[in-house]
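Read through the structure below, which is laid out as structure tokens, and then see the notes.
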Amino acid sequence: MMLNFFDQFMSPVLLGIPLIALALLLPWILFPNPAARWINNRLITLQGWSISQTTHQLFTPLNQGGHKWATLLISLMIFLISLNLLGLLPYTFTPTTQLSLNMAFAVPLWLATVIVGLRNQPTIALGHLLPEGTPLPLIPVLIIIETISLFIRPLALGVRLTANLTAGHLLIQLIATAVFVLLPLMPTVAILTASVLFLLTLLEVAVAMIQAYVFILLLSLYLQENV
Amino acid sequence: MPQLNPAPWLSILVFSWFVFLFVIPPKVLNHSFMNEPAPQSAEKPKFNPWNWPWY
């Protein structure tokens, strides 16, 4: 039975309980409910500050209609960032490596932006399929291309997040295995590999946050076109 | 790749949307934000005293 590095992504089950349920329910313990006070403790103040800054950054380019999506998109942001970052701890399971979860969020939310656009401003929404200034003979081809790119968006959204996190976790496991195997044989090389592992982990922390942000940002851009 | 096994897809979808709709938004919405303290303007606003009776 060959050592299979992909086994870390199997949805874990312990005594018949799917542990992904725990992985999805427990991170919110780290986000205490603010009490009805003007000044809260440091943790809540920091979380509130980051929530308000993110909201401001994301929704300034959107018009009033788009602001209705604030709760949804900020909740999604908190969801993805916490799951991504907590997954970098040893022995944790990252639900966002599951394609099912990422597609479960990408497809309905993208579809919602498209339907909102088609319902409220159908001409403008369909007009996005043809960039301005296209030469006349290119128009049919370009409409087909833009339609394809429109339908690829949810797929790209889901797969981008899945692939980035899966690849990161795989690399960490590979290099950690290499360090572990090299330690009795060539300690110097093992130490160099360990420093690579350290840098990689820093990269993965950044990737975790950036990928969550990119997901939300792209959704807000799709919203901006349609609202 | 084990992620492509379609068996838990529906339960993962249902459970993650449950958490996303019912657990996180109350926590996010409970954060309230104060207005920035504004410096008092130099001129006090003109006000008219109340001179009409209660009906």
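The helix-based estimate of mean residue ellipticity at 222 nm for the protein assembly as shown, built from -39,500 (n - 2.57) per DSSP H run of four or more residues and divided by its residue count, is -21500 deg cm²/dmol to the nearest 500. Using a simple spin-label model with pseudo-atoms 7 Å out from Cα toward Cβ, A:Phe198 and B:Gln40 lie 5.6 nm apart. Taking every alpha-carbon pair within region A:1-126, the share separated by more than 25 Å comes to 45 percent.
Chain B contacts chain A over a buried accessible area of about 2700 Å², both sides summed; the probe is 1.4 Å and only protein chains count. Excluding ligands, DNA and RNA, the accessible surface per residue across the protein assembly as shown is 64 Å² with a 1.4 Å probe.
Could you compute the net charge surrounding A:Gly117? Neighbours are other residues with a C-beta less than 13 Å from the C-beta of A:Gly117; K and R count +1, D and E count -1.
My count for the surroundings of A:Gly117 gives +1.
Which residue, A:His67, A:His56, A:His169, has the most motion in a Gaussian network model of chain A that connects Cα atoms within less than 10 Å? Per the Cα network of chain A with a 10 Å cutoff, A:His56 tops the list. D by Stokes-Einstein for region A:1-46, Kirkwood Rh over Cα pairs, 4 °C, 1.567 mPa s: 92 µm²/s.
Residues considered: A:Pro32, A:Pro12, A:Pro95. Largest GNM mean-square fluctuation over chain A, using C-alpha springs under 10 Å, is found at A:Pro32. Counted by Cβ distance under 11 Å from A:Ala106, the other residues give a net charge of +2, where Lys and Arg count +1 and Asp and Glu count -1. When the protein assembly as shown is described by a simple charge dipole with +1 on each Lys and Arg Cβ and -1 on each Asp and Glu Cβ, the residue from A:Gln173, B:Trp17, A:Phe6 located farthest towards its positive end is B:Trp17.
Please get the size of the charge dipole for the protein assembly as shown, origin at its Cα centre, with Cβ charges of +1 on Lys and Arg and -1 on Asp and Glu, quoted in debye to the nearest 20.
Dipole about the Cα centre, nearest 20: 600 debye.
When the solvent-accessible area of chain A is split by element, carbon and sulfur atoms take up 75 percent of it, the probe being 1.4 Å.
Taking every residue in A:46-54 and counting other chain Cβ atoms within 10 Å of its Cβ, the average works out to 2.
Using the Cβ-Cβ distance between A:Thr188 and A:Leu89 with R0 = 25 Å, the FRET efficiency computed as 1/(1 + (r/R0)^6) comes to roughly 0.30. Annotation for region A:1-72: chymotrypsin sites (Phe, Trp or Tyr not before Pro) lying in DSSP loop with at most 13 further Cβ atoms inside 10 Å of their Cβ are A:Trp38. Measuring r between the beta carbons of A:Leu19 and A:Val159 and using R0 = 35 Å, the FRET efficiency lands at 0.90. Full extension of the chain between A:Arg42 and A:Asn120 gives 23.8 nm of extra length, using 0.36 nm per residue less the Cα-Cα distance. Among A:126-134, B:16-24, A:209-217, sorting by the average number of other beta carbon atoms lying within 10 angstrom of each residue, highest first, gives A:209-217, B:16-24, A:126-134.
The mean number of partner chain beta-carbon atoms within 10 angstrom of a residue's beta-carbon across peptide A:102-108 is 3.
Projecting label points 7 angstrom from Cα along Cα→Cβ for A:Leu170 and A:Lys68 puts them 4.1 nm apart. Comparing B:Pro45, B:Pro25, B:Pro37 in a Gaussian network model of chain B, where Cα atoms under 10 Å apart are tied by springs, the biggest mean-square fluctuation is seen for B:Pro45.
If I stretch the segment between A:Leu130 and A:Thr147 completely, what's the gain in nm (0.36 nm per residue apart, minus their alpha carbon distance), one decimal?
So the extension gain works out to 5.2 nm.
The values are calculated or read from the model by the stated rules, or taken from the named source; none is laboratory data. On a predicted model such as this, the values are computed, not experimentally measured, just so you know. Ideal geometry is used to build each Cβ from the backbone, glycine not excepted, and the neighbour counts take in all protein chains shown. Just so you know, the surface numbers come from the protein's heavy atoms only, side chains and all, with ligands and any DNA or RNA stripped out. Shrake-Rupley method; radii C 1.70, N 1.55, O 1.52, S 1.80 Å.
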